[in-house]
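The values are calculated or read from the model by the stated rules, or taken from the named source; none is laboratory data. Model, not experiment: these values are computed from the prediction. Methodologically, a virtual Cβ is constructed for each residue, glycine included, from the backbone with ideal geometry; neighbour enumeration extends over all protein chains shown.
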Number of protein chains: 2
Amino acid sequence: MRAKRPTIIDVAKEAGVSKSTAARALNGAENVTDAARQTVLKAAETVGYERNHLAVGMRSGRSGLIGLVIPDISHPFWADVARGAQDRVEAYGRSLVIFSSDWSIDREVAHLRSVRQARVEGIMLNRVADRTFDDRLTDIPLVMIGSSAAMFPDLPNVGSNIDQGVRLACDYLWRRGHKSPSLIVGPHARLAHGRFMAAIERFYAERGVDSSQFDVEEATYTDEAGYHASKRILSRNPRRPLAIFAVSDLLALGAMMAIRDTGLSCPEEVSVLGFDGIAAGRFSVPPLTAIQKPSRLIGERAVDMLIEEIEDRPGDRSLSLDCVLQERGSVADLGSKSGRMSVVA
Amino acid sequence: MRAKRPTIIDVAKEAGVSKSTAARALNGAENVTDAARQTVLKAAETVGYERNHLAVGMRSGRSGLIGLVIPDISHPFWADVARGAQDRVEAYGRSLVIFSSDWSIDREVAHLRSVRQARVEGIMLNRVADRTFDDRLTDIPLVMIGSSAAMFPDLPNVGSNIDQGVRLACDYLWRRGHKSPSLIVGPHARLAHGRFMAAIERFYAERGVDSSQFDVEEATYTDEAGYHASKRILSRNPRRPLAIFAVSDLLALGAMMAIRDTGLSCPEEVSVLGFDGIAAGRFSVPPLTAIQKPSRLIGERAVDMLIEEIEDRPGDRSLSLDCVLQERGSVADLGSKSGRMSVVA
DNA sequence: TCCTCTTGTGGGAACGTTCCCACCAATTTC
DNA sequence: GAAATTGGTGGGAACGTTCCCACAAGAGGA
């Protein structure tokens, strides 16, 4: 069961050539006769040779490993990012080593150490620690990913275009007659928060609306937090119809539960708009209208950019990928003749 | 940016000892004086030493890498499994290399080759290809995971206890008065299918009911497929109240959409029971009652078992982890005095 | 005919670690 | 007091590959 596995020397022996020739044949190098190449390939087949990537990595410096450090692989958004990354990494003939930091700075630091010790060729990283930055990171090709990516403009980064997404959201609400939505935002401490608020402020300022008067609730990114935040919004805000814009789909789904529990109807009395585009939004009643982040694409393009870094090729060093409106049924159109709402299913 | 990284020899030089002593100190071996150890540790710190895992793996045969080959990392169930695996792998000081085969046999085979070339210490595998089996697999420690795992009794395996889960489901339905539910099952070709059907048959046989008369629809594991399967069930089955038992939550959620579209009410007229326990089930109306598979635990225990295999320690070679009933609101209790249903929220 | 150039081949060094063995000095044992 | 044992140390080989250089044989030009 634990037999020694054949090496390139075994192949060479079997083929009756030197290990150099065997290596050349196996690597598809130029200067080998076709005859020799065939013999070697045949021999490799017979002995069941499989290239030892550890040895390759050690000698050539190319380990074939790419590191991905994210908060949580089981979170729908990050799972999608990972999937996109995995597909591209495979296309480049590399393998993906994944780490979940669970939003813990300590684990992130530990993972970063592990990933470096594994001699990965490059790292894709979503930082939990917003502020601090270890200089030692930059001696390995690195791409920052996610919404906080653009906060490191000196580092290559790829993330969703929060500004464009927020604009899309606000514009959609605006056109449907929701001119001053209540907001459920993420923890103030997180990097994305500032960007959201700035984008919102800008949108309404352009229309002469002072968004600082808006009703805002802060909540962690869970549906429970969204539920309670919405309860508070609903109770202190008797105006109907009302619109709630949540910066995460889980928050939005929590809001929908709160609306139902309060005996209100969505979207007739309270509209809800989410931001993420996770699959669960399809199953609520009504299905959740949301701004969809290009999660899988983020993973794919991050790998492309990282490979460019690894191979020292010039390329875009900063990429903001556009969000898309996923129109389902949770936002009412107040513009249409009142009574029956025009709600896209 | 791409400076040569310090080796153990640099550390030894800095500390004024031989590389052997440096290695012993860094590995926490016995026979080193405390003074020497301190000096070496200090020196490692100064030069910024990070152990090269490629070299370690090559010399010692322990690469520190564990392979995980699953159908899709972005699927909620598998993402949970991966998360559990990741946590345990980390506890053992290893790293996780993840591959998504996307339910393609070709990609699975390719991944298996990659994972072997990476010289992983062991592999956790959920097979897409149900029948064929390459003998060469067994020369590396291997643990089969998922519901098909128990189909390879000669191989170490860990998965959810389908029999117990189905029994839990059928018993719950039975006690609530649903004696002959309609079924939405997965593709016949998949391994799990046979186990589901056998478990269902056994449960009802024990109660003198011939389950072969049940209304059964086959569908791929998507909500669309569940939707259409349910439409067919509802149209050919006018009996109300009716119960639909789906072998996957996505199928069940699709069923709930079909019920709503047909103008029926859930659970009053049609009850729905799912099988998975994914997060999206919380957001449907009513929230989905489902049998929850121990997804994360499967990942964790698979790693434990794999490490036992790697270290050649005896241990359980087959593990069926119990499912749990997640009672929410999609199954009516026909036993309670008719009219108002007693539905647990 | 000799020299150069090309093409294919082979051998050795190197990558950074661990493992094995030899060594030295200090201590213990007879 | 000599021999045996112990604890700490150092040096070299080995892991499997790639890279570099040397070399042989043949082709081509002078």
Contact list please: Cβ distance under 8 Å, first residue in the stretch B:131-153 and assigned to a helix (DSSP H, G or I), second residue at pLDDT below 80, pairs at least six apart or on different chains.
B:Thr138/A:Met1; B:Asp139/A:Met1; B:Asp139/A:Arg2; B:Asp139/A:Ala3; B:Met151/B:Asp130; B:Met151/B:Leu191
When residues of the stretch B:181-193 are limited to those that are surrounded by 14 or more Cβ atoms within 10 Å (Cβ to Cβ) and out of contact with any helix residue (DSSP H, G or I) (no Cβ under 8 Å at 6 or more places or on another chain), the one farthest from B:Asp333 (Cα to Cα):
B:Arg190
Every residue in the stretch A:268-284 that is away from every other protein chain (no Cβ under 13 Å), in contact (Cβ under 8 Å) with a residue 60 or more places away in the chain and surrounded by fewer than 24 Cβ atoms within 10 Å (Cβ to Cβ), please.
A:Glu268
Residue satisfying condition, being among the charged types (D, E, K, R), under 22 Å from the mean Cα position of the chain (by Cα) and not in a helix (DSSP H, G or I), within set A:Asp333, A:Asp316, A:Asp312:
A:Asp316
Listed residues A:Asp87, A:Asp80; which is crowded, with 22+ Cβ neighbours inside 10 Å, more than 8 Å from DNA strand D (Cβ to nearest atom), within 30 Å of A:Ser160 (Cα to Cα) and in contact (Cβ under 8 Å) with a residue 40 or more places away in the chain?
A:Asp80
Residues in the stretch B:90-105 that are surrounded by fewer than 22 Cβ atoms within 10 Å (Cβ to Cβ) and either at the interface with chain A (Cβ under 10 Å from one of its Cβ atoms) or modelled with pLDDT under 95 (or both): how many?
6
Output the number of residues of the stretch A:11-42 satisfying the condition of being in contact (Cβ under 8 Å) with a residue 24 or more places away in the chain and within 44 Å of the chain's Cα centre (by Cα).
4
Unmet criterion (only one of (1) more than 14 Å from chain A (Cβ to nearest Cβ); (2) of a type in the set (A, V, I, L, M, F, W, C); (3) in contact with a Gly (Cβ under 6 Å, 6 or more places away or on another chain)) for B:Ala229:
(3)
Which ones in the stretch A:210-261 are of a type in the set (Val, Ile, Thr) and either buried (at least 21 other Cβ atoms within 10 Å of the Cβ) or within 25 Å of the chain's Cα centre (by Cα) (or both)?
A:Thr220, A:Thr222, A:Ile233, A:Ile244, A:Val247, A:Ile259
Complete set of residues in the stretch A:203-221 that are more than 18 Å from A:Val331 (Cβ to Cβ) and touching a Ser or Thr at 6+ places or on another chain (Cβ under 9 Å)
A:Ala205, A:Val209, A:Ser211, A:Gln213, A:Val216, A:Glu217, A:Ala219, A:Tyr221
Within the bounds of the stretch A:95-106, is there any residue that is within 16 Å of DNA strand C (Cβ to nearest atom), more than 20 Å from B:Val69 (Cα to Cα) and in contact with a Lys or Arg (Cβ under 9 Å, 6 or more places away or on another chain)?
no
Mind listing just one residue for me: the one in the stretch B:160-176 that is small (Gly, Ala, Ser) and modelled with pLDDT of 95 or more and, of those, farthest from B:Met144 (Cα to Cα)?
B:Ala169
Take the residues in the stretch B:1-47 that are in contact with an Asp or Glu (Cβ under 9 Å, 6 or more places away or on another chain), within 14 Å of chain A (Cβ to nearest Cβ) and of a type outside the set (S, T, N, Q); name whichever of them is farthest from DNA strand D (Cβ to nearest atom).
B:Met1
Every residue from the stretch B:25-46 that is assigned to a helix (DSSP H, G or I) and within 8 Å of DNA strand C (Cβ to nearest atom)
B:Leu26
Given the condition outside the structural domain of B:Asp249 (by TED's automatic domain parsing) and over 30 Å from A:Arg5 (Cβ atoms), answer yes or no: does some residue in the stretch B:192-204 qualify?
no
Quick check on this structure: which one of B:Thr262, B:Thr220 is within 25 Å of B:Val81 (Cβ to Cβ) and polar (S, T, N, Q)?
B:Thr220
Check A:Leu65 against each of (1) surrounded by fewer than 18 Cβ atoms within 10 Å (Cβ to Cβ); (2) within 16 Å of DNA strand D (Cβ to nearest atom); (3) within 20 Å of A:Arg301 (Cβ to Cβ) and name the one condition it does not meet.
(1)
The condition from (1) within 8 Å of another protein chain (Cβ to nearest Cβ); (2) more than 16 Å from DNA strand C (Cβ to nearest atom); (3) buried (at least 22 other Cβ atoms within 10 Å of the Cβ) that B:Asp72 misses is numbered (3)
Tally the residues that are part of a loop (DSSP other than H, G, I, E, B) and surrounded by 17 or more Cβ atoms within 10 Å (Cβ to Cβ), restricting the search to the stretch A:51-62.
2
Those residues that are within 8 Å of DNA strand C (Cβ to nearest atom) and closer than 21 Å to A:Arg116 by Cα, I need them from the stretch B:1-21; list them, please.
B:Lys4, B:Arg5, B:Pro6, B:Thr7, B:Ile8, B:Ile9, B:Asp10, B:Val11
May I ask you to list the residues in the stretch A:65-83 that are part of a loop (DSSP other than H, G, I, E, B) and modelled with pLDDT under 95?
A:Pro71, A:Asp72, A:Ser74, A:His75
Quick check on this structure: which one of A:Val128, A:Val109 is more than 11 Å from chain B (Cβ to nearest Cβ), within 23 Å of B:Val89 (Cα to Cα) and touching a helix residue (DSSP H, G or I) at 6+ places or on another chain (Cβ under 7 Å)?
A:Val128
